[in-house]
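Take a look at the structure set out below.
Nothing in this text is a laboratory measurement; each read-out follows from the coordinates by a stated rule. Just so we're clear, the structure is a prediction, and the values are computed from it rather than from any experiment. Every residue, glycine as well, gets a Cβ built from its backbone with ideal geometry; the counts of neighbours run over all protein chains shown.
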Amino acid sequence: MSTPESTEPWVVEQRWDLTYNHSADPVTAHFLRTLRDEGKVLGIGCPVCKRVLAPPRPVCDRDFCETEGWVELGSTGTLELFTIMYLAIDGLPEPPYVLAYVMPEGADTAIGGFLEGVDLSSTEAALEHLTVGAPVTIELRDERQGRITDLYFRLAE
Amino acid sequence: MTDVVSPRAVAAVGVGQTPFGPTSEAPTYVVMLQQAASQALEAANLTIDEIDAVVLALAPESLMGVNHAERWCTDYIGGRMKPVLRIQTGGATGLSAVQAGYQHVASGLYERVLVVGADRVRESGDAQKIFNKIWDPFYERALPFTTITMIAMSAVRYMHNYGMTERQMARVSQKAHYNGALNPNAHIRREVTVDEVMESRYLSWPLKLLDACPQSAGGCAVVLSSADAVKPESQSPAWITGVSMAGETYYIGDRLETSERGYDYGDAEALAVAAERAYAMAGITDPRTQIDAVETYASFTPVEIHNAEALGLADLGTAAPLFEEGFFDLDGEIPLNPSGGVICTNPISVTAMVRFVEAVLQVQGRAGAHQVPGAKTVVATGAGGSHQFFNVAIVSSEQPK
């Protein structure tokens, strides 16, 4: 390579500003519509392994077959996974917040969501309440938009 | 699985790595490809004309910012009029590309294949915003999950199952940084103490800043050859004696029940599956005595702990104290990530290829200050898709029979 005359960086800024319109499959659409309109959280069964998948999907990942049979899930569940997020990321909510996976009563898989109502001013103090296996309630927002964030979790009293 | 014809023996005969570092100081994306490829060709004493096919390791291009970037890359990887294949399995990309190159040669279709890739992870300052886009648009993206929260949740599960402490995680970071300081190609070359790790700020509990990988830039390349095509003037061949891959279920919420192996989301079951297959291929029946060192893809410290178990180096749930005892140190029983690993260097598209290249350098005895004395059999692993795609390669100084 010939010697450049200047080593000053030459930087070109580019932005990607894209819009997508994702069409939900009928199973996913039914779950989100029922969540919004009726305030119910549904799971769906696998005819082969008999697991109840939540949130419901059109195909069982294990048996590679179509799922069938809607199940209304309970409003309680078990805290399976969580983390307290402290890192601010552009376009995402202001930290700190708790993200969690909860296994609803009647389901064999867990749903992801925000876990709200825990004082996060001290990590140590928050961790006295947040433990894997803790009982939680599945709450619904008053103003629902047909999104997974229409539901959220709270530690059971 | 059905029986297949025996694969031909395949060796790495030349490797190249650009020094890894911050994106702002790295060459243009395509230039790094060419630099790494030229290094590997030079090490193999080959010209681009002697290469039959090229495999490009390019993870999500939204990081480097050019869509369908294999178009732009082709001129810089010697792809003109050659078979060009682009591989993308997220963080596992680099080793998936090596696997594709291996299959090119092992099948008998090609004699010599160039495998090359690069990344500039901070080309956009929005890497975690991009990673949020790897979640499906209906159920999970709004939550907002990122690669950091996913590993944090796995660590929480592992802590709950086996009692791992944050201090044990910090010890992994201390080891990684000690080794990385010895590696001239590492991005982060600074020793840290366990206390420094403990005092660093939380990213996502229980992960702290010094439990985490950096966002790196750099290029990496490997020339693979059939046994017949190995030139005497090439670097001493490092043989691929086993290679395998396993994908895990997409939904993390589906991975919470304890499997037949006794694994759950706190563990790395698909890595264990991939390792079992690769070990069987390589004739490894007792990894604890037959493996001299491991380069494993662990973007956060707790991943290294559960990977050690998935690779059969420790029983399930027992690895964390072994790290504290120095079992996996550079001078320990089985050095884990002698290069400093992903905690010191993470150029995503090639991070898993760097694991392979470091394994090659180890069995060639050319790893320098982080050489494991007498290393003959070294394992390299990759992980991608936020702990969804796992691959394993076994590299040996001895040609398979």
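Partner shielding of A:124-133 amounts to 2, given as the average count of beta-carbon atoms from other chains within 10 Å of each residue beta-carbon. With each label modelled as a point 7 angstrom along the Cα→C-beta vector, the residue B:191-residue A:144 pair spans 5.9 nm. Over the stretch A:26-155, the hull volume per residue, using the convex hull of the C-alpha atoms, is 120 Å³. Applying 1/(1 + (r/R0)^6) with R0 = 56 Å to the Cβ-Cβ distance of residue B:72 and residue A:157, what FRET efficiency is obtained, to the nearest 0.05? The pair residue B:72/residue A:157 has a calculated efficiency of 0.45. One chain, two ends: residue B:136 and residue B:47. Fully extended at 0.36 nm per residue, the span grows by 27.7 nm beyond their Cα-Cα distance.
Within the same chain, lysines fewer than 8 places from residue B:129 are excluded, and of the rest, none has a Cα less than 18 Å from its Cα. Taking 0.36 nm per residue of separation and subtracting the current Cα-Cα distance, fully stretching the chain between residue A:121 and residue A:59 would add 18.2 nm. Count Lys and Arg as plus one, Asp and Glu as minus one, and take only other residues whose Cβ is under 13 Å from that of residue A:155; the net charge is then -4. Residues B:112, A:15, B:189, A:62, ranked from the fewest to the most other C-beta atoms within 10 Å, line up as A:15, A:62, B:189, B:112.
Using only Cα coordinates, the Kirkwood hydrodynamic radius of chain B works out to 20.6 Å.
Between residue B:333 and residue B:285, what FRET efficiency follows from the Cβ-Cβ distance if R0 is 22 Å, with the result rounded to 0.05? Please list the in-between numbers first.
On the way: r = 18 Å, r/R0 = 0.81.
Efficiency, rounded to the nearest 0.05: 0.80.
Between residue B:10 and B:240, the built amide H atoms are under 5 Å apart, and every one of these is 5 or more places off in sequence or on another chain.
From its DSSP helices (H runs of at least four residues, each -39,500 (n - 2.57)), chain A gives a residue-normalised ellipticity at 222 nm of -3000 deg cm²/dmol.
Pairs from the list A:40/B:208; B:231/B:376; A:40/B:133; B:175/B:376; B:231/B:401; B:82/B:231 with a Cα-Cα gap above 31 Å: A:40/B:208. Shape analysis of the stretch B:22-78 yields a ratio of the Cα radius of gyration to the Kirkwood radius, Rg/Rh, of 0.99. Under a 5 Å amide H cut-off, with hydrogens placed 1.01 Å from N, residue A:81 pairs with A:101 among residues at least 5 apart or on other chains.
Calculated mean residue ellipticity, 222 nm, chain B: -10000 deg cm²/dmol, from DSSP H runs (n ≥ 4) at -39500 (n - 2.57) each, averaged per residue and rounded to 500.
Can you give the extra length, in nm with one decimal, that the chain gains between residue B:107 and residue B:160 once fully stretched, where that is 0.36 nm per residue apart less the Cα-Cα distance?
Additional length available on full extension: 14.6 nm.
Restricting to the protein assembly as shown, what percent of DSSP beta bridges are antiparallel, rounded to 5? Bridges in the protein assembly as shown that DSSP calls antiparallel: roughly 80 percent. Go ahead and run the numbers for FRET between residue B:28 and residue A:17, Cβ-Cβ distance against an R0 of 35 Å, rounding to 0.05. Using R0 = 35 Å, I get an efficiency of 0.90.
Along the charge dipole of the protein assembly as shown, Cβ charges K/R +1 and D/E -1, which of B:55, A:120, B:184 sits furthest on the positive end? After comparing all options, I get B:55.
Treating only the Cβ atoms of Lys and Arg (+1) and Asp and Glu (-1) as charged, compute the dipole magnitude of the protein assembly as shown about its Cα centre; round to the nearest 20 debye.
1020
Computed over the alpha carbons of the protein assembly as shown, Rg followed by Dmax gives 23.6, 74 Å.
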